[in-house]
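First comes the structure, then the notes that go with it.
The values are calculated or read from the model by the stated rules, or taken from the named source; none is laboratory data. Quick caveat: nothing in here was measured; it's all calculated off a predicted structure. Cβ sites come from the backbone with ideal geometry, for glycine too, and all protein chains shown count toward neighbours. For the accessible areas, the whole protein counts, side chains as well, though only heavy atoms, and no ligand, DNA or RNA atoms are used. Shrake-Rupley method; radii C 1.70, N 1.55, O 1.52, S 1.80 Å.
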Amino acid sequence: MTDKTQSIHGQWSSRFAFILAATGSAVGLGNIWKFPYITGENGGGAFVLVYLMCVAALGIPIMIAEIMMGRRGRQSPINTMQTLAEESKADPRWHYLGWSGMIAGFLILAYYSVIAGWAMAYIVKAFFGDFINSSPEEIQRLFQNLMDNPVQQIFWHTLFMYATMAFVMRGVQGGLEKAVRFLMPALFVILILLVAYAMTTGAYEQGVTFLFNPDFSKIDGDAVLTAMGHAFFTLSLGMGAIMVYGSYLPAHISIAKTTFFIAGADTVVALLAGIAIFPLVFANQLEASAGPGLIFQTLPLAFGHMAGGWLFGILFFVLLFFAALSSSISLIEPAVAWLVENKDIERHQACAWSGAACWLLGVGVVFSFNIWSDLKLFDKNLFELLDYLTANLMLPLGGMAIAIFAGWMMKSSLAQQELEIPEQGFQAWHFLIKYVSPTAVFLVFLHVLGVL
Ligand code: PFF
């Protein structure tokens, strides 16, 4: 069935290639689009602090576990879970964890693609100089016009979905690796430029205070859940994306070191995005809680008024598009890998089927911003529902299950053998994954349910 040293889908050419791909998966719309707007909606500093604590206490140990389990299982998350459960004589039903992850990835991609489509639409707007010297009202109108236009959004969503599937089709080395090679450094540079611009707005201090000065009266249980869910979302955890990437990782590469790098880079990008955006919000009397449109209503203001803004505007949205692409390919990879392993179909067919289904759901998401905006379940439209269901529920619960499996079910000798870290480091990780991570997620859920 499985060759223990390599996945049937191929493997990364080097440790660097894996780092690029996993960082590419982690750094995406979550950092630049989602982190600022949910921080704005949840009052700033205290939310950021809870998020950072979750990255450290949950994200890092669980990422180590996911990569380790993926490399040991060497297949799609569903089959990996099955193999690992057999190996450790655990209940075979653990493979349902792989299913929940695959479904979560699919649901996330449906809306992720729509938002990435907005970024693509903004490349064109930037190119035609739509931001130049625009007032905050004009920039807001520009965004609202896009929201009100389902046809345009579907057009961009379709293009994005097509681009994603084209990369996924080419497989591990052909598509995924090449997509991220130059992207990360370039994105980093442009974010630094935006931060430098933010310093000139006159509201830099106010923005930074908003981000880093915790006021705990501003958050409640739901905000804590959102912060925790976002730690999973931003690190691509709890659904098998990092697990499937781990399955393409050659043996004897340090999983722990790699994880610290990925989590560090991811966090820095999110914080830079926040530092670039909030001064703009305050300098222009915009609403910090503007929601999913926040970056589209703030950053164009910077591009419209800074020196070289035309070029930087184009570059920024191009990079945002690529950052989204390198994440979206990891969202669908578990499903594609599973279809190829189990349904005896070619990779390109697996891509076509899963891409088409995801596209269709994405069309519903587009409508939730206009013609279906009043169609609500639990007071949430389709976009909000998918986001809540995946980021706030499925990923943290999936992450908790991964922690329980790695800490309690898997033989610790096997985990240690796969991780190859010194005894003390292993004990520290094992303690976190066994006790701290599952308990923390559990307590947050109890709190949200009002039990605590
Ligand atoms: N981490 C990505 C982001 O921050 O944009 C989103 C994501 C990718 C979530 C892959 C989950 C995943 F499996």
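Here the spin labels are modelled as points 7 Å beyond Cα on the Cα-Cβ line, and at LYS343 and PHE127 they lie 3.4 nm apart. How about segment 40-124: which trypsin sites (Lys or Arg not before Pro) there are in a DSSP loop, with at most 13 other Cβ atoms within 10 Å of their Cβ? Listed in order of number, the matching sites are LYS89. For LYS343, which aspartates and glutamates qualify as cross-link partners when the Cα separation must be under 17 Å and same-chain residues fewer than eight apart are set aside? Within the straight-line cut-off, LYS343 pairs with GLU333. Averaging 1/r across all pairs of distinct Cα atoms in segment 125-276 and inverting the result yields a Kirkwood radius of 19.5 Å.
The separation of segment 343-398 from segment 65-96, counted between C-alpha centres, amounts to 26 Å.
With Rh defined as the Kirkwood radius, the inverse of the mean 1/r over Cα pairs, the Rg/Rh of segment 61-147 is 1.33. Take the Cα of ASP374, go 7 Å toward its beta carbon, and the backbone nitrogen atoms of segment 120-160 under 18 Å from that spot belong to 148-150.
Considering only PHE369, THR259, PHE233, and ranking their Cα positions along the charge dipole of segment 213-370 that arises from unit charges at the beta-carbon of Lys, Arg, Asp and Glu, the one farthest toward the positive end is THR259. With a Förster radius of 35 Å applied to the beta-carbon distance between GLU138 and PHE216, the computed FRET efficiency rounds to 0.40. The calculated FRET efficiency for PHE155 paired with GLN424, based on their beta-carbon distance and R0 = 41 Å, is about 0.15. Quick one: Cα centre-to-centre distance for segment 185-226 and segment 417-442, in angstrom? That distance is 31 Å. Taking all Cα pairs closer than 8 Å and separated by 6 or more residues, the relative contact order of the chain comes to 35 percent. One quarter of the convex hull surface, Cα atoms only: what value does that give for segment 250-369 in nm²? Taking the Cα atoms of segment 250-369, their convex hull projects to 11.3 nm² on average.
State to the nearest 20 debye the size of the charge dipole of the chain about its Cα centre, where the only charges are +1 on K and R beta carbons and -1 on D and E beta carbons.
Here the size comes out at about 880 debye.
Peptides 28-34, 269-275, ordered by how many other C-beta atoms sit within 10 Å of their residues on average, highest first, read 28-34, 269-275.
Take 389-402, 362-375 and order them by the average number of nearby Cβ atoms within 10 Å per residue, most first; the result is 389-402, 362-375.
At a 1.4 Å probe, what is the % contribution of carbon and sulfur to the accessible area of segment 289-428? That share works out to 65 percent. Probing with 1.4 Å while keeping every protein chain in the model, the per residue accessible area of segment 154-312 equals 37 Å². The eigenvalues of the Cα gyration tensor, multiplied by 5 and square-rooted, give the chain an equivalent ellipsoid with semi-axes of 35, 24, 21 Å from largest to smallest. Once both labels are positioned 7 Å from their Cα atoms along Cα-to-Cβ, the gap between PHE431 and TRP99 label points is 3.7 nm. Taking Lys and Arg as +1 and Asp and Glu as -1, the other residues whose beta-carbon sits under 13 Å from that of GLU66 total +1. For segment 322-389, the fraction of C-alpha pairs more than 18 angstrom apart is 52%. If R0 is taken as 45 Å, the Cβ-Cβ distance between SER14 and PHE442 corresponds to a FRET efficiency of 0.75. Charge tally for LEU142 (other residues, Cβ to Cβ under 13 Å; Lys, Arg +1; Asp, Glu -1): -2. Evaluated at q = 0.09, 0.10, 0.18 Å⁻¹, a Debye calculation over the C-alpha positions of segment 294-442 (equal weights, vacuum) places log10 I(q)/I(0) at -0.55, -0.67, -1.15. Net charge within 15 Å of PHE212 by Cβ-Cβ distance, Lys/Arg positive one each and Asp/Glu negative one each, not counting PHE212 itself? Result for the neighbourhood of PHE212: -1.
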